[in-house]
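Notes follow once the structure below has been shown.
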Amino acid sequence: MRIVLGVAGGIAAYKACSVLRLLTEAGHQVTVVPTAAALHFVGAATWEALSGRPVSADVWDDVPAVPHVRLGRDWADLVLVAPATADLLARAAHGLADDLLTNTLLTARCPVLLAPAMHTEMWTHPATVANVALLRERGTHVLDPASGRLTGQDTGPGRLPDPEDIVEAAMAAAAAGTPTRQIEDLDLAGRHVVVSAGGTREPLDPVRYLGNRSSGKQGYALAAAASRRGARVSLVSANVTLPVPPGCEVLPVGTALELEQQVGSLVSAGDVDAVVMAAAVADFRPATYAGSKIKKTHGEGDDSAPTIELVRNPDVLAGLVATRGTAAAPYLVGFAAETGDATGDLLTLARAKLARKGCDLLVANEVGVDKTFGQDESTVHVLRRGDSPDEDPLTVGPASKDDVAEAVWDVVAPALP
Ligand code: CTP
């Protein structure tokens, strides 16, 4: 494999010599591209002797060979930067190209792995955290640094991982073959999508509610994937405790009525291209809300159990379908949480639900106590309105919820008007 080993200007640059040794001994061709700062720590002669190849930090060396394009675009099968300093991460995240290494990062069309090393304060600074999130969002692999002794007496996260671990991660990144995203991967650029996620809670009294087992993982994966593909994402989040996916605006809601109101107000603004209803919306809510906690006993000797009367909640998806035909009507994706029952198997029930709901796409998955809810993997069937019932639907999985999310957008993105 042909590997560009970028070395940024941190004390851990000396450890990159071991990384280089491991790579060349494994038979890889390695071109070392240090930054000017890295050369303060380890000189060009060391890199040239260990790699057996000429070394340059500058785009102005060997100009006729156009090195900034040749290395990244034409030569490298993998670009590995170890150590990647806070400054290098910032320059890479923002597309600066002021030396040969950052030019190479911009022109690379192969997988890129960055191995950060810096003091803990720099690694945990919000600027670095945001830069790393941005890089990962675009498909650049960024290792977490190891924790331990740093340059001085201090310890904490920020150490360059061991050379063997870096090489192992580099091989995994190359094998995964996922290059940094290019503009053509951003098939949702300029789109505004609304994703609902989680499960609504319908309060009975100040301490109790009727809820469901939805974790929000699938909805959050859908939102993250849409954001990676360039969309502006409004994530209507019902009782989810997951971290906010990078680039998404989270709009928290509690109940089905709040969710309906929030989705409705986004859609009525008129610029929403698609709504994905991944949330488990309660079909019913208690008819009355007790303003104070319902007591176990209602009076002396009265130990009867109360009867909870329920009323129907609005069907949010059906409400959106009813707006179809207006200029602002978005593409509508429903999720079918099915267990299958005496009246039919999962697919039969899902097809009936698609017909009943009238949305453009229905993603059907099997749910149960240990299936789908809260799990990291699921199998889904993607049914499009207008598809013949004789046609087998697209089936995805068992796959991670991230892969399911990408597969759903693969269908939705080209279908958007
Ligand atoms: N949904 C909704 N509003 C509701 C209930 C469900 O918008 N009050 C949406 C869900 O977000 C999902 C789809 O409708 O995208 C299907 O939800 P599901 O619970 O599977 O179906 P229901 O219509 O509630 O039908 P049933 O419970 O009878 O299977």
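Against the criterion of being farther than 30 Å from L22 by Cα, away from the ligand (no atom under 16 Å from the Cβ) and either modelled with pLDDT under 95 or hydroxyl-bearing (S, T, Y) (or both), L188 qualifies. The condition of being assigned by TED's automatic domain parsing to the domain that holds M277, surrounded by 24 or more Cβ atoms within 10 Å (Cβ to Cβ) and either touching a helix residue (DSSP H, G or I) at 6+ places or on another chain (Cβ under 6 Å) or of a type outside the set (K, R) (or both) does not hold for S227. Checked against the criteria, C17 does not count as part of a loop (DSSP other than H, G, I, E, B) and open to solvent by less than 50 Å² (accessible area, probe 1.4 Å). Evaluation of D61 against the conditions (1) part of a loop (DSSP other than H, G, I, E, B); (2) more than 25 Å from A86 (Cα to Cα); (3) within 36 Å of the chain's Cα centre (by Cα) shows that the sole unmet condition is (3).
For region 359-375, the tally of residues that are in a loop (DSSP other than H, G, I, E, B), within 11 Å of the ligand (Cβ to nearest atom) and modelled with pLDDT under 90 stands at 1.
Residues are listed down the side, and each one gets a yes or a no for (1) in the same structural domain as H192 (by TED's automatic domain parsing); (2) surrounded by fewer than 13 Cβ atoms within 10 Å (Cβ to Cβ); (3) away from the ligand (no atom under 12 Å from the Cβ); (4) at pLDDT 90 or above:
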{"residue": "E309", "(1), (2), (3), (4)": "yes, yes, yes, yes"}
{"residue": "V333", "(1), (2), (3), (4)": "yes, no, no, yes"}
{"residue": "L346", "(1), (2), (3), (4)": "yes, no, no, no"}
{"residue": "K357", "(1), (2), (3), (4)": "yes, no, no, yes"}
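Does V195 satisfy being crowded, with 22+ Cβ neighbours inside 10 Å, farther than 30 Å from C17 by Cβ, free of Cβ contacts under 8 Å to residues at least 60 places away in the same chain and assigned by TED's automatic domain parsing to the domain that holds D273? Taking the combined requirement at face value, the residue does not satisfy it.
Could you please let me know if R351 is more than 9 Å from the ligand (Cβ to nearest atom), modelled with pLDDT of 90 or more and under 27 Å from V272 (Cβ atoms)?
yes
From the list A90, A65, A84, A130, the one residue that fits, being assigned by TED's automatic domain parsing to the domain that holds G43 and crowded, with 22+ Cβ neighbours inside 10 Å, is A84. Screening L50, L106, L101, L96 for residues that are in contact with a helix residue (DSSP H, G or I) (Cβ under 8 Å, 6 or more places away or on another chain) and open to solvent by less than 30 Å² (accessible area, probe 1.4 Å) leaves exactly one candidate, L101. Contact map, region 295-317: residues that are assigned to a helix (DSSP H, G or I) paired with residues that are within 12 Å of the ligand (Cβ to nearest atom) and at pLDDT below 75, Cβ distance under 9 Å, separation 6+ or inter-chain. No pairs are found. Check region 89-103 and report whether any residue there is touching a Pro at 6+ places or on another chain (Cβ under 8 Å), touching a residue at least 12 places away in the same chain (Cβ under 8 Å) and not in a helix (DSSP H, G or I). Within region 89-103, none of the residues are touching a Pro at 6+ places or on another chain (Cβ under 8 Å), touching a residue at least 12 places away in the same chain (Cβ under 8 Å) and not in a helix (DSSP H, G or I). For region 243-264, the candidate set comprises residues that are in a loop (DSSP other than H, G, I, E, B) and away from the ligand (no atom under 16 Å from the Cβ); within that set, the residue that is least open to solvent (accessible area, probe 1.4 Å) is P245. Any idea which residue in region 195-238 is nearest to D283 (Cα to Cα), counting only those that are part of a strand (DSSP E or B) and among the hydrophobic types (A, V, I, L, M, F, W, C)? Residue satisfying both the conditions and the ranking: L210. For L188, the requirement of being in a loop (DSSP other than H, G, I, E, B), open to solvent by less than 20 Å² (accessible area, probe 1.4 Å) and more than 28 Å from H119 (Cα to Cα) is met. The condition (being in a loop (DSSP other than H, G, I, E, B), buried (at least 18 other Cβ atoms within 10 Å of the Cβ), in contact (Cβ under 8 Å) with a residue 40 or more places away in the chain and within 16 Å of the ligand (Cβ to nearest atom)) is satisfied by just one residue among V276, V267, V272: V272.
Checked against (1) under 20 Å from A231 (Cα atoms); (2) free of Cβ contacts under 8 Å to residues at least 24 places away in the same chain; (3) open to solvent by 80 Å² or more (accessible area, probe 1.4 Å); (4) not aromatic (F, W, Y), A322 passes all but condition (1).
If you scan region 154-179, which residues turn out to be aliphatic (A, V, I, L, M) and out of contact with any Pro (no Cβ under 8 Å at 6 or more places or on another chain)? Selection gives I166, V167, A170, M171, A172, A175.
The values are calculated or read from the model by the stated rules, or taken from the named source; none is laboratory data. Note that this is a predicted model, so its numbers are computed, not measured. Glycine also receives a Cβ, built like all others from the backbone with ideal geometry; neighbour counts cover every protein chain displayed. Quick note on the areas: whole protein, heavy atoms, side chains included, nothing else; ligands and nucleic acids left out. Shrake-Rupley method; radii C 1.70, N 1.55, O 1.52, S 1.80 Å.
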